[in-house]
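Structure first, commentary second.
Each value in this text was obtained by applying a stated rule to the coordinates, not by laboratory testing. Just so you know, these numbers come straight off a predicted model, no measurement behind them. Neighbour counts are summed over all protein chains in view; Cβ atoms, including those assigned to glycine, are modelled from backbone coordinates with ideal geometry.
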Ligand code: PLP
């Protein structure tokens, strides 16, 4: 009997014993194409020599030095590299161990900034429905994923949730995409005014919604209007790029496609590419400087922040992404993948929408394509699709729709940036067989 406490108690899982490029290998020798990069993690695949060598080399020098006493060479170098490539006036990097921790740090930094900036009444965080920002209580409070929030509702902090920018389901027929974007962005202003502008500390959003909606980018102009509203009311803009950042959508930082920069930006997943647990919170210089000139102490911190081995891995990952020109490659392969998905699924009567950017793609399934009515939750489509795909040797990321029918079941695809066109074709073949088996 296993003594590991698994995520799913009812599933007997195969044992992963090897990785080979985009493929995972289990103890029986079965190979699985990693079509979702785990959950948008494995951007470089599973056997990148540069990253593993960097980890070993760092271990041979120093494994751990507490950041209350020391900085480290890889943390300094990785921060320099991120900031050299970051948009806007992002100027400082706070390293953490993952995405939830990055979001927790961002929320607390926003609050502490306002306190030290002489605006202690700013305490409200506004987020969006159908979002996901992590599983710790603060991040879960910010997120709008009802499925993940439901049983912990009594423990969550009250936060405002406005509409996401979800064109497929929510744009009115007689509305242009631009008009729709302005309408939903203006919900942010209405909520700020309702709460009292002087009490709002920050707005948080994913530039491309990942786990909850399945690779949904905003319509043109939405984020520019959000930026404008935040600036008007002195509200900090936090962008959560934990899933969609680090090249995944064809830009190193997803917000580059929107022509805006946030005040605080969270990344994780692709930053360590699965080789080490690492996330980061980047913030504007003025936020850091306000605290540096005030208390001089960011009142946050976990034991493993800025871990030398994790930052050495992150440094190798980002260097690989930049030096091998993988970001333009993501754009090209992403266009190839989109065409393949449209070719195979475009006519499927149960495929409502095919969407996404770069190598971050989603397919939303519907019971009725005309009315866009989702399948009833009782059909358990997402769970059955995950199983059928796994049997086909494909790892993908299906998620159920919401119980209130606001969005249907979808599958998220986030293959490694190194996937060849032939491998992407093979992934689509496997997905097609799995979809055929369950629909
Ligand atoms: N934010 C977003 C947008 C995510 O997709 C996730 C994880 O899926 C998180 C935060 C939480 O990251 P982690 O699972 O590394 O804590």
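Observations
- Förster radius 30 Å - calculated FRET efficiency between residue 232 and residue 303 (Cβ-Cβ, nearest 0.05): 0.15
- Given their separation in residues at 0.36 nm each and the Cα-Cα distance between them, residue 195 and residue 387 gain 64.6 nm when the chain is fully extended.
- Between the alpha-carbon centres of segment 1-70 and segment 336-358 there is a gap of 30 Å.
- Counting other Cβ atoms within 10 Å as a rough exposure proxy, the listed residues 423, 146 run 146, 423 from fewest neighbours to most.
- Taking 225, 406, 129 as the candidate residues, the one with maximal mean-square fluctuation in a Gaussian network model of the chain, Cα springs under 10 Å, is 406.
- Sites residue 2 and residue 71 - FRET efficiency at Förster radius 41 Å, r taken between beta-carbons, to 0.05: 0.55
- Most fluctuating residue given options 310, 163, 49, as computed from a GNM of the chain linking Cα atoms under 10 Å: 49
- Spin-label pair residue 20/residue 80, simplified geometry with 7 Å Cα→Cβ offset, distance in nm: 3.9 nm
- Normalised by the number of residues in the chain, the average gap of Cα pairs under 8 Å and 6 or more apart makes the relative contact order 22 percent.
- Spatially, segment 360-407 and segment 154-188 are offset by 22 Å when compared through their Cα centroids.
- Extension gain, residue 163 to residue 11: 0.36 nm times the residue separation minus the Cα-Cα distance gives 51.2 nm.
- A Gaussian network model of the chain, with springs between Cα atoms under 10 Å, assigns the largest mean-square fluctuation among 253, 152, 417 to 152.
- Distance between the modelled labels on residue 342 and residue 370, one decimal in nanometres: 2.5 nm (7 Å Cα→Cβ projection).
- Calculated [θ] (222 nm, deg cm²/dmol) that DSSP helices of n ≥ 4 give over the chain, each run adding -39,500 (n - 2.57): -12000 deg cm²/dmol
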